[in-house]
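K.L.:
Input: one structure, supplied below.
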Amino acid sequence: MSELARQTLQETSRKLAAREISSAAVVEAVLSQIEKLNLSLNAYVNVNADKARAAAKAADEARAKGDSRPLLGVPVSVKDVLNVKGQPCTCGSKILRGYTSPYDTTAIAKLKSAGAVILGRTNMDEFAMGSSNENSCYGPAKNPWDLSRVPGGSSGGSAVAVAADMAIAALGSDTGGSVRQPASFCSCVGLKPSYGRTSRYGLTAYASSLDQIGPFGKTVADVAMLLGAMAGHDPMDSTSANVPVPDYTAALKTDLKGMKLGLPKEYFIEGVDREVGEIVRAAIAQCEKLGAEIVEVSLPRTKYAIATYYVIATAEASANLARFDGVRYGARVDGEDPIDMYGKTRAAGFGSEVKRRIILGTYVLSSGYYDAYYVRAQKVRTLIQREFSEAFTKCDALLTPVSPMPAWKLGEKADDPLQTYLADIFTVTANLAGICGMSVPCGFTAGKLPVGLQILGPAFREETIFRVGHAYEQATSWHSMRPKI
């Protein structure tokens, strides 16, 4: 395999700036890796090689004229939930086959403006509903460390692409852990920014109060660079926060002296896989060696997080997915009248997990149940937010497992969706609270399955978790390991 595809974003940017390599060569190396591996990994659902080559050529010409943008000519892949002008955006669903996006997601427009080359679209759970990538109409992506196991979801394809050097970096979306969990399962770095840090304009909505676009990279520095390019206020998104965007790379240090890191006791409980627990605790000990003070904190309402999340998320999904009806775009199944057409189109177009969540969301919003479920869930959400705020008065960031278990076998949880939902227990809380969170590789089980360390920080303090993640990363070698496929 070409070393060009193996490089980090930071290395690629530096070598492009020094004219040691060309964007055309990097893009060709990554396309070669995709051609070699995608049949077995199923990470990409669409690759636009010709446009990527043309963009790389244009980037090399611009750099020859003195253009010094850091992301100029760097190939990036995007989750199939993000609209890119002129490309399909199917969200992993049969109901959107044939749809071509007429506009760019704001995050994509910013990356294009920074000179990044958009490679193609990555596999995902249908409409971002899932934790395994098994709910895709294209079939599951495969974990590059063990092809018999899931890569995590819903942004599984993006994580696989980065971990298998089929992209220098990638974008995903995180509604309840959909960036962090696949990053943990595939051994790359994945960030869920604070709610409002990045614009959601052009992200096909699953749950509007929870969704955030987040980057995948091979290192913390890569993710910091990508977030710096994407973040900022956007008048096209009313939930986009008008707060300053710091220089995230300036926060990267190699020690944790003076920092307090909290361990929520509710995240270190019976039921966490023994090896996962041991690996995460070893990572915490390493952070202590780097100068951090470790303190115990409590988030007692964590036990209500899954129920709260699945009421709020499904309620918002029920409303958001009403637009997919066969009238304006995507697939259509004709019927005797409009109501018949709606029903037949949605029955044929949506998969079973999407139908399950729409039905649940419609139920909790229905007359007689709205107060009992939806309103109560919103009250619990407020209490969870307050608990995090209280915890952050005692520490700078929190350290936890990403998932209570490593990647499971394909099909292992297919007959029991509740078990899949429970796997999100440590990630959904960050979305409910609107805070930032990141997964950093921290080890492997005896079966050579990756494990991630989750770092949670206060809202709009991404630089804090970048500092923690980078310091830990520089003191270990887990991030530099690559799967042998």
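K.L.:
Scan (1) under 30 Å from Ala347 (Cβ atoms); (2) small (Gly, Ala, Ser); (3) surrounded by 21 or more Cβ atoms within 10 Å (Cβ to Cβ); (4) out of contact with any Phe, Trp or Tyr (no Cβ under 6 Å at 6 or more places or on another chain) for the single condition Ala317 breaks and write down its number.
P.N.:
Here Ala317 meets the rest and fails (4).
Residue-by-condition table, conditions (1) touching a residue at least 60 places away in the same chain (Cβ under 8 Å); (2) surrounded by fewer than 16 Cβ atoms within 10 Å (Cβ to Cβ); (3) in contact with a Phe, Trp or Tyr (Cβ under 7 Å, 6 or more places away or on another chain); (4) under 23 Å from Asn133 (Cβ atoms):
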residue: Gly335; (1), (2), (3), (4): no, yes, no, no
residue: Gly343; (1), (2), (3), (4): no, yes, no, no
residue: Ala348; (1), (2), (3), (4): yes, yes, no, yes
residue: Thr362; (1), (2), (3), (4): no, no, no, no
residue: Tyr370; (1), (2), (3), (4): no, yes, no, no
residue: Val375; (1), (2), (3), (4): no, yes, no, no
residue: Arg381; (1), (2), (3), (4): yes, no, no, no
residue: Leu399; (1), (2), (3), (4): yes, no, no, no
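K.L.:
Which one is nearest to Ala167 (Cα to Cα), of the residues in region 88-98 that are surrounded by fewer than 20 Cβ atoms within 10 Å (Cβ to Cβ) and modelled with pLDDT of 95 or more?
P.N.:
For region 88-98, the residue satisfying everything is Pro88.
K.L.:
For the condition within 19 Å of Asp211 (Cα to Cα), part of a helix (DSSP H, G or I) and not hydroxyl-bearing (Ser, Thr, Tyr), what is the one hit in Ala377, Ala348, Ala372?
P.N.:
Sole residue among the options that is within 19 Å of Asp211 (Cα to Cα), part of a helix (DSSP H, G or I) and not hydroxyl-bearing (Ser, Thr, Tyr): Ala377.
K.L.:
I've got another one for you. Please verify whether Tyr342 is in a helix (DSSP H, G or I), over 27 Å from the mean Cα position of the chain (by Cα) and under 23 Å from Gly434 (Cα atoms), treating the condition exactly as stated. Break it down into steps so the answer makes sense when it comes.
P.N.:
Working: in a helix (DSSP H, G or I): yes; over 27 Å from the mean Cα position of the chain (by Cα): yes; under 23 Å from Gly434 (Cα atoms): no.
In short, no.
K.L.:
Loosely packed, with under 15 Cβ neighbours inside 10 Å, part of a helix (DSSP H, G or I) and not hydroxyl-bearing (Ser, Thr, Tyr): does that describe Ile279?
P.N.:
On the way: loosely packed, with under 15 Cβ neighbours inside 10 Å: no; part of a helix (DSSP H, G or I): yes; not hydroxyl-bearing (Ser, Thr, Tyr): yes.
It is false that Ile279 is loosely packed, with under 15 Cβ neighbours inside 10 Å, part of a helix (DSSP H, G or I) and not hydroxyl-bearing (Ser, Thr, Tyr).
K.L.:
Taking into account only those residues within region 411-440 that are in contact with a strand residue (DSSP E or B) (Cβ under 6 Å, 6 or more places away or on another chain) and of a type outside the set (A, V, I, L, M, F, W, C), which is farthest from Tyr304 (Cα to Cα)?
P.N.:
By that ranking, first place goes to Ser439.
K.L.:
A follow-up question, please. Could you grab me the full set of residues in region 26-57 that are in a helix (DSSP H, G or I), crowded, with 16+ Cβ neighbours inside 10 Å and of a type in the set (A, V, I, L, M)?
P.N.:
Val26, Val27, Ala29, Val30, Leu31, Ile34, Leu37, Leu41, Ala52, Ala55, Ala56
K.L.:
With the structure loaded, tell me whether Lys448 is over 23 Å from Thr239 (Cβ atoms) and not in a helix (DSSP H, G or I) or whether it fails that test.
P.N.:
Working: over 23 Å from Thr239 (Cβ atoms): yes; not in a helix (DSSP H, G or I): yes.
Judged against the criteria, Lys448 is a match.
K.L.:
Could you tell me whether region 32-40 includes any residue that is without any contact (Cβ under 8 Å) to a residue 24 or more places away in the chain and among the hydrophobic types (A, V, I, L, M, F, W, C)?
P.N.:
yes
K.L.:
Can you give me the number of residues within region 241-271 that are in contact with a strand residue (DSSP E or B) (Cβ under 6 Å, 6 or more places away or on another chain) and assigned to a loop (DSSP other than H, G, I, E, B)?
P.N.:
0
The values are calculated or read from the model by the stated rules, or taken from the named source; none is laboratory data. A quick note: this is a predicted structure, and the numbers were derived from the prediction, not measured. Don't worry about glycine lacking a Cβ; one is built from the backbone with ideal geometry, like all the others, and counts go over all protein chains shown.
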